[in-house]
Amino acid sequence: DIQMTQSPSTLSASIGDRVTITCRASQNISTWLAWYQQKAGKAPKFLIYKASSLESAVPSRFSGSGSGTEFTLTISSLQPDDFATYYCQQYSTYSRTFGQGTKLEIK
Amino acid sequence: EVQLLESGGGLVQPGGSLRLSCAPSGFDFNNYAMSWVRQAPGKGLEWVSTISASGYSTYYADSLKGRLTISRDKSKSTLYLQINSLRVEDTAVYYCAKHRSAVYDAFDIWGQGTMVTVSS
């Protein structure tokens with residue numbers, strides 16, 4: 001299976017900050033990568049597909065980039081609603097795998 | 001509104017079985033691949049199983065293979081997951097998820113989840 005490793009595991013930031021979360025794949029997945037946001041006790045919410053394509057209705061402060069084995073999710077100016085856990089997921093193989101998650105906390 | 005509603009979770013003894021259901025609304029269920037994803041308490045997301053739109057192709061996580069059957073009923077527009085020989089470590093919230101389109105695609109809609117607790 002392809003392993004997905006996110007860093008950092010926890011990120012403390014303030015409202016208005018620009019933050020970046022990194023996701024690394026154990027082998028080349030081209031741009032077959034998605035990002036999800038999950039709040040405590042809720043289902044994940046879909047944010048980005050194909051590494052950099054923003055799902056409709058997702059605020060433009062979210063952006064994704066990367067290809068191959070290294071990817072990033074950037075939030076350009078943190079809003080109160082953005083404090084949550086973020087997961088990357090590869091879907092280049094049927095045995096799709098998620099990163100372990102990055103918890104974004106208020107500083 | 002596009003929605004998924006899971007049901008069928010509950011408390012089951014080790015070695016028991018459960019069948020989870022997922023009822024879609026707001027989209028043509030027959031046109032999309034579907035998956036199940038689980039999340040153990042306090043842990044991350046784990047992909048469990050996928051079924052193609054036609055239902056002819058099914059895929060399972062290696063760690064669960066042999067104990068799972070994913071299926072879909074076009075006439076009832078319902079997705080199912082049968083889990084046998086349940087273990088304590090299967091305790092988790094089980095989510096059904098709609099693919100953007102085909103099997104090799106991201107999950108754009110998630111249900112609210114159904115809790116499965118395996119305990120004696």
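Based on Cα contacts under 8 Å between residues 6+ apart, chain B shows a relative contact order of 36 percent. For peptide B:97-108, the mean count of partner chain Cβ atoms within 10 Å of a residue's Cβ comes to 5.
Listed from fewest to most Cβ neighbours within 10 Å, the set B:GLU46, A:GLU105 follows the order A:GLU105, B:GLU46. Within chain B, the ratio Rg/Rh, alpha carbon atoms throughout and Rh by Kirkwood, equals 0.95. Here the Debye sum runs over all C-alpha atoms of region A:37-107 as equal scatterers in vacuum, and log10 of I(q)/I(0) at q = 0.13, 0.20, 0.23, 0.29 Å⁻¹ comes out as -0.38, -0.92, -1.21, -1.66. For region A:33-107, averaging the sequence separation of C-alpha pairs within contact (under 8 Å, six or more residues apart) and dividing by the residue count gives a relative contact order of 28 percent. Averaged over the residues of peptide B:35-48, the number of Cβ atoms from other protein chains lying within 10 Å of each residue's Cβ is 3.
Rg and Dmax, both from the Cα atoms of region B:29-80 and both in Å, are 11.9, 37. Summing +1 for each Lys or Arg and -1 for each Asp or Glu, what net charge is found among the other residues whose Cβ lies under 15 Å from the Cβ of B:TYR95? Its environment carries a net charge of +3. Summary of the geometry: region B:42-97 and region B:4-18, compared by the centres of their Cα atoms, lie 12 Å apart.
Listing A:MET4, B:MET34, B:MET115 from fewest to most neighbouring C-beta atoms within 10 Å gives B:MET115, A:MET4, B:MET34. With K and R counted +1 and D and E -1, the other residues having a Cβ less than 15 Å from that of A:GLN3 yield a net charge of -2. The mean number of partner chain beta-carbon atoms within 10 angstrom of a residue's beta-carbon across peptide B:72-85 is 0.
Quotient of the Cα radius of gyration of region A:1-87 and 2.2 N^0.38 Å, N being its number of residues: 1.05. This ranking places A:TYR94, B:TYR95, A:TYR36 by how few other beta-carbon atoms lie within 10 Å of each, fewest first, which gives A:TYR94, B:TYR95, A:TYR36.
We did not get these values from a lab; they are worked out from the coordinates using the rules stated. The shown structure was predicted, so the numbers you read here are calculated from the model rather than taken from an experiment. For neighbour counting, all protein chains shown are included, and Cβ atoms are generated from backbone atoms with ideal geometry for every residue, glycine included.
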